[in-house]
Amino acid sequence: MPILEIDGIAEHEAERLLGFRLLILAHHARAKADLVRRDLGNIDLRQLAEPLPELTEPRLDKLLALERGLVFAILAQVAELDRLPNFVREDDVQFVLEALHLVAQLLLQLFDHRAPRVQINGDIKKWSARPFEPGAAPLFKVSRVHERGKYGPPPGMIRIERHGDVTRFEMSSSWSRAIGYTASAYLVRGVLIDCGFHAARHHVQAMLADTRPRGLMVTHYHEDHAGNVERVAQRGIPIAASPDTLQRLRFPAPIRLYRRVTWGTAPPLQSRVSAFESDDLALIAAPGHSADHHVVWDATDGTLFGGDLYLGVKVRVAHPGEDPRVLAATLRRIAALGPTRLFDAHRGHVANPLPLLVAKADWIDETIAAIEARIALGASDAAIVREQFGGESLPGYLSGGDYSRTNFVRAVRRSKNG
């Protein structure tokens, strides 16, 4: 029996934390490792601790600022390498992410112990520390259930917002909160739209038991949207998804470490799937973000469940499989439906979405034209990223280039040549 346990990290696993105040070596096997020039123990944690006396209760909006402060303080130290360009190599970045993931988890634990707890059937339950926004409803207690003896993504949190007949289940993990990301599933008239990520599986199980949806509609295969499809199928809940999405879920491709840390690794879909059909909700193809991407359209009141269609007007980063040209055309086609409200998988409720969808399509078209002009002049991808976007983004570096501005430029070049 472990003597020490830190929210899912047993004593033998906690030994990995001892290296935080040591010099970090890149674990990629090559002739000479890149040595971080500074001892991470030199980070002045007192500055980060200054706001602590003001926290009379754990409020997530303040905790996130503290988590991010520590993450970026450490990142500043890690970035000082003998050969800085090597920092963007996949293995180096992944090693840094492993450290930052554990730091974020430890920092969250510094404050979570203040939350009221109750014990139910042997499991410790906590109230969510996240402040509720207007329109949000108090959520059931947030459980910290985990599999003992296993190292993996930190336990998730989930909160509920209600917007008329639509209920939003906003999910996050310790790491996703540290970098400012959440993912949402929606329930409308008994139909669940997307099912969240695998790190939040225990909360999703409880939500499925409480709400008993009559069907699930999946927008696309990404792990933050379809990470619990197998658990839904095991419960015998009918599922609506494109054949391409189901194929990708049955035979998932490996995902990068930063995605495993943030969302968890979903198990493949193995259970039998019974098809779900809705009389008032339509699954409409909306490619661009991914080839299999769909939106859910409610024609009865003009509600659009957009998955990752929108995300924001000026999204300058992209995954390798994204196609900005296709996305711009999709945005105009979906905007033509005349949506009166949008529920975005990451931004939540978006009021008056029509002008925003059109503005996003316009910005993409303008950006593509600017990139094409630079391509015609013979500019390299790196030069275009610098000139058009002001350089690579922090997510681009942290993801090893997997979610980057460079991918946006490459997608434009690829579709132009294709």
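Some points to look at:
- Counting other Cβ atoms within 10 Å as a rough exposure proxy, the listed residues Ile375, Ile237 run Ile375, Ile237 from fewest neighbours to most.
- Gyration tensor (alpha-carbon) shape descriptor, the range 289-418, a/c threshold 1.5: prolate
- Hz values of 3J(HN,Hα) by residue in the range 389-402 - Karplus curve (6.51, -1.76, 1.60), Gly and Pro given as x: 10, x, x, 6, 8, 4, x, x, 5, 5, 8, x, x, 6
- Peptides 261-270, 280-289 ranked from most to least packed, by the mean per-residue count of other Cβ atoms within 10 Å: 261-270, 280-289.
- Mean Cα-pair separation over length for the range 250-394, i.e. relative contact order, pairs under 8 Å, 6 or more apart, %: 18
- Rounded to the nearest 0.05, the FRET efficiency derived from the C-beta distance between Arg332 and Gln234 at R0 = 60 Å is 0.95.
- Amide proton proximity set for Ala240, modelled H, under 5 Å, gap of 5+: Leu216, Met217, Val218, Phe276
- A simple spin-label model places pseudo-atoms 7 Å from Cα toward Cβ; at Gln247 and Ala209 they are separated by 3.7 nm.
- Label-to-label distance, nm, for residues given as Arg162 and Asp362 (7 Å Cα→Cβ offset): 3.8
- FRET efficiency estimate (nearest 0.05) - Cβ-Cβ, Leu377 to Thr300, R0 45 angstrom: 0.35
- Charge tally in the Cβ shell below 14 Å around Val409, where Lys, Arg are +1 and Asp, Glu are -1, Val409 excluded: +3
- Simple label model, 7 Å out from Cα along Cβ direction - Arg189 to Lys416, nm: 4.6
- Of all beta bridges that DSSP places with both ends in the range 166-258, some 60 percent have antiparallel geometry.
All of the numbers you see were taken from the coordinates with simple rules; none came from a lab. Not measured: the values here are computed from a predicted model. Heads up, the Cβs are rebuilt from the backbone with ideal geometry, glycines too, and the neighbour counts pull from every protein chain shown.
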